[in-house]
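Scroll down for the structure; my scribbles are underneath it.
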Amino acid sequence: LYKLWNSIEPTLGPEIHTVYISGSNFFSEINYGAIPLDEATTVSDKYDLHIMLSTSDVIEYKQTVNNSYKSACLIGGVDYKESKHRSGDTHDGFKDAEWNFTRILPQNMRSGFRYLPNTLKEVNEISHFLDSIGIANTLRTGKEATEEYVKSLNGHSPDIVHLATHGFMLAPLFNDTTGQSLRDDLGTQYQTVLSQSGLLLSGANKKWEKDIRQKANDGILSSQEIAELNLSHSSLAVLMACMSGLGNTTNLTGVPFGVAYAFRMAGVKQILCCLWDVDDEVTFTMVSDFYHNLYTTNNAKKALELSRQKLKERGYSSAFYWAPFVIID
């Protein structure tokens, strides 16, 4: 990565301090700000970086100096089984699911999705903090953390939409006979790139346990479904889901068509997301600091920078812990 930045920096010139980056394919999976320049500094220490989903976004981009965040909805502690919280042990019902016999489905999805206890702790903590400073917020957990609720935000979403849950990204379903067979079973909703990634909500495990066919509000909120919503009233989406910043690039542009892209298509101004899997205890620590910093600075980028620094001070100095969290403008 150091060599990559060394190939970029000479083209900038000494007067350039703000850099807009839109990486395609593999280059969209990099936190450029975390690239080390020496033992003490990284690229973000020297440049004001703005991660964009597309170079066309730069044309209309207006840098946000300060925002006023007056309302929020918080979703976490999702009950994927929709009965009682599960420890993550494989249920016998999953062994005969058709997706278990195809290489299309990632290994971590073949036994359903385990409950994430720290996501409940996370959203409860944030809700209490927002209550303490007089910010209206709606909290949805357990069985109430539904796909229907997210879709109900259509047209009147709050300033902040926060989702702490599992994300997923399937292998492309194009160009092979296995994929064709699976598309036939799944129906038309899984035939686009955007439908191959998304977020898991209440009852999602039932999809793999009993019925492969897509149904409305089955707990699997695809990026396609997100993109079709109107969330333009929201200034910030906080996506504390693994790989929420990634997406398939089976398209002509190379833009990662995933969850973050979907929220941008839905009209959200800024998106805080994750580039790779992170320990949920680390995520809880980071995001709690983030909200305190957000309401001190009224600036999401500054809040994230302060939160990353706090993680380092707490002993999480490796970039593995603090680098996956990025703001997409």
Subject >> Estimated vicinal HN-Hα couplings, Hz - the stretch 149-163 in sequence order (Karplus 6.51, -1.76, 1.60; Gly, Pro = x) >> reply: 5, 4, 5, 5, 6, 3, x, 8, 6, x, 4, 10, 10, 10, 10
**OP:** Lys and Arg at +1, Asp and Glu at -1: add these up for the other residues within a Cβ distance under 13 Å of residue 12 and post the number.
**Re:** -2
**OP:** Just grab the label-to-label distance for residue 309 and residue 18, each label 7 Å out from Cα along the Cβ direction, in nm (one decimal).
**Re:** 2.1 nm
Original post:
Excluding residue 266 itself, what net charge comes from residues whose Cβ is under 13 Å from its Cβ, given Lys and Arg +1 and Asp and Glu -1?
Top reply: +1
Original post:
Amide H to amide H, which residues 5 or more places from residue 77 or on other chains are under 5 Å from it, using H placed in the peptide plane?
Top reply: 119, 120
Original post:
Can you give the extra length, in nm with one decimal, that the chain gains between residue 70 and residue 318 once fully stretched, where that is 0.36 nm per residue apart less the Cα-Cα distance?
Top reply: 85.9 nm
Subject >> the stretch 274-329, relative contact order in percent, only Cα pairs under 8 angstrom and at least six apart counted >> reply: 41 percent
Original post:
For the stretch 289-305, what does the Karplus curve 6.51 cos²θ - 1.76 cosθ + 1.60, with θ = phi - 60°, yield as ³J(HN,Hα) per residue in whole Hz, taken in order and with x for Gly and Pro?
Top reply: 4, 4, 5, 4, 5, 4, 8, 8, 9, 6, 9, 5, 5, 5, 4, 5, 4
Subject >> Rough spin-label spacing in nm, given labels placed 7 Å along Cα→Cβ, for residue 151 and residue 45 >> reply: 4.9 nm
Original post:
To the nearest 0.05, how large is the calculated FRET efficiency for residue 132 and residue 281 if R₀ is 22 Å and r is the Cβ-Cβ distance?
Top reply: 0.45
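Values quoted throughout were computed directly from the atomic coordinates according to the rules given, and no laboratory measurement underlies them. Please read all numbers here as calculations on a predicted model, not as lab measurements. Here the Cβ is made from the backbone with ideal geometry for all residues, glycine too, and neighbour counts use every protein chain on show.
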